[in-house]
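What follows is a single structure, written as structure tokens, with notes after it.
Quick note: the coordinates plus some simple rules give every number you see, no bench work behind them. The model shown is predicted, which means the values in this text are computed figures rather than measured ones. As a convention, Cβ positions derive from the backbone with ideal geometry for all residues, glycine included, and neighbour counts pool all protein chains shown.
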Amino acid sequence: LIYDSFAHYMVTEKGYDEDLLTLAPDSLDFCCKGLVLDIEEGNFLKLAEDGTVLRASHGTKSMTSEEILEMYGRREWKHFNTVSGMVSRTAKYYLYDNYFDLPGALLCARVVDCLDQHDRQKKYDFWKDMVSAIQHNYKITAFKEDCGMYFPEVKKHPDRYLQRCPESVKKWLKQLKSAGKILLLITSSHSDYCRLLCEHIIGNDFEEYFDIVITNALKPGFFSHTPNQRPFRTLENDEEQEALLSLDKPGWYSQGNAIQLYELLKKMTGKLDPKVVYFGDSMHSDIFPAHHYSNWETVFILEELLGDEVTVPAETESEPLEKKGKYEGDQPQAPYFVSEQWGSFFMDRLPGLENAEETLVCTWSCKCISAYSTIAIPTLEAIADLPLDYRFTRFSSNSSATAGYYPSPPRALLPNEESVTMK
């Protein structure tokens, strides 16, 4: 749906090739978290922890080791320092780090393919149109106005797109609240869309699960901006009202900043430095900024940890189960099959120069996990049945790159752990 809503805009409003509207099922294999789009070159890159390019594609077409060497050499990618310092995005590159963004990566890659059919570009200039497509489909008024393809379709068929929250997770949230914890929901979605999702996923009583709900939080700016730059606002009928000078009581708010939120938490808990544990699935919008600016504990929800659980009976299956299930039948499949084009999210081989051996290296995405998250889990369900005082091993507890993965590290990191201990 996300792919279609962007592609439709690019074709009808911006005059791009109509081929973009049709999607071959196997093309979804291109979608892999942790890729960086080098916008001006039209290339997608998978980076090692030191910024070396491990794999790359021009548009959707994989580049050979020779082509990668010729273009990027055996040195860190030129924007690596900027991107790695802030886990950031600019007009020159875009980091695809969550499932909501990923269909856009496939569309951008196909746009490059289409432009190349006419004439290989020196520098690509499609990004501004992509930004317009995103704004058209997701702008704050789009839900109310039934604008774009995305919101009208989710409103009409929520069951097609949303999975209900497991009972174990609802029970866990209630247990946390009964134990005196303050529960927050902080989302960059606007209040009307958030309400639709939560009512469908948790139930009409979803507001009872949370003490404070913050919508249109505009992360990562929520963490990095000052109260003056990003004040909290109240809502009436999903319309944002005047800015608040301070946050005085629990409730439902819009926009805002982590500094004033933390002041309210001090007041509510009666503690000078209340501990906050923040759960998120985007390194860019959740984990890095909550760790870096607010010094909160961070739990990274990483569905790639489920990839290990897929087993394929060799004799009976002509095709991998995860491929088959993804496009056939009504069962929604979780998007954690490993991309054949891009390989493991965690590790990859750096081809040897001339006759040298290839070496196994950690990806940059993998390094960020142990650098910025306290622990990483595949789903909330994985921890919902644990006692509330369960003690997790943190990534920072020793120099091991695998300590903080619960319930177990990804298989890719295990074969010989010594070689992947972080430098």
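Here is how the numbers come out for the structure above:
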{"read-out": "FRET efficiency for GLN175 and LYS144, using Cβ-Cβ distance with R0 set to 30 Å, rounded to 0.05", "value": "0.25"}
{"read-out": "Theoretical FRET efficiency, 1/(1+(r/R0)^6), r = Cβ-Cβ of SER397 and LYS267, R0 30 Å, to 0.05", "value": "0.40"}
{"read-out": "J(HN,Hα) series, the stretch 193-206, from Karplus relation 6.51 cos²θ - 1.76 cosθ + 1.60, nearest Hz, glycine and proline x", "value": "6, 4, 5, 4, 4, 5, 5, 6, 7, 9, x, 5, 8, 4"}
{"read-out": "Most mobile of HIS58, HIS292, HIS157 in a GNM of the chain (Cα contacts under 10 Å)", "value": "HIS157"}
{"read-out": "Contour excess over end-to-end distance, with Cα ends at GLU239 and THR64 and 0.36 nm allotted per residue", "value": "57.9 nm"}
{"read-out": "Highest-fluctuation residue, GLY73, GLY280, GLY221 considered, GNM on the chain with Cα pairs under 10 Å", "value": "GLY73"}
{"read-out": "Helix 2-12 vs. the chain, principal-axis angle (Cα, 0 to 90°, nearest 10)", "value": "70"}
{"read-out": "Where a label projected 7 Å from the Cα of TYR161 along Cα→Cβ would reach, residues of the stretch 1-44 with amide N under 13 Å", "value": "1-6"}
{"read-out": "Residues listed by number, the stretch 106-139, amide nitrogen under 13 Å from GLU40 label point at 7 Å toward C-beta", "value": "122-125"}
{"read-out": "Per-peptide average of other Cβ atoms within 10 Å, ordering 394-402, 379-387, 188-196 highest first", "value": "188-196, 394-402, 379-387"}
{"read-out": "Helix axis angle, 127-138 relative to the chain longest principal axis, alpha carbon, degrees", "value": "40"}
{"read-out": "Extension gain (nm, one decimal) between GLN229 and LEU306, 0.36 nm per residue minus Cα-Cα", "value": "23.8 nm"}
{"read-out": "GNM top mover of LEU115, LEU218, LEU37 - the chain, alpha-carbon springs below 10 Å", "value": "LEU115"}
{"read-out": "Helix 258-269 axis, angle to the chain major axis (alpha carbon atoms, nearest 10°)", "value": "40"}
{"read-out": "Theoretical gain in end-to-end length, SER168 to ARG120 [0.36 nm per residue, Cα-Cα removed]", "value": "12.0 nm"}
{"read-out": "Restricting the stretch 1-87 to GluC sites (Glu not before Pro) in coil, as DSSP defines it, with at most 15 other Cβ within 10 Å", "value": "GLU13"}
{"read-out": "Violating pairs (Cα-Cα greater than 25 angstrom) within the set LYS156/LYS177; LYS33/LYS61; LYS78/LYS122; LYS156/LYS181; LYS128/LYS219; LYS181/LYS219", "value": "LYS156/LYS177; LYS156/LYS181"}
{"read-out": "Under 20 Å from LYS123, Cα to Cα: aspartates and glutamates that are on another chain or at least 8 residues apart", "value": "ASP17, ASP38, GLU40, GLU41, GLU67, GLU70, ASP113"}
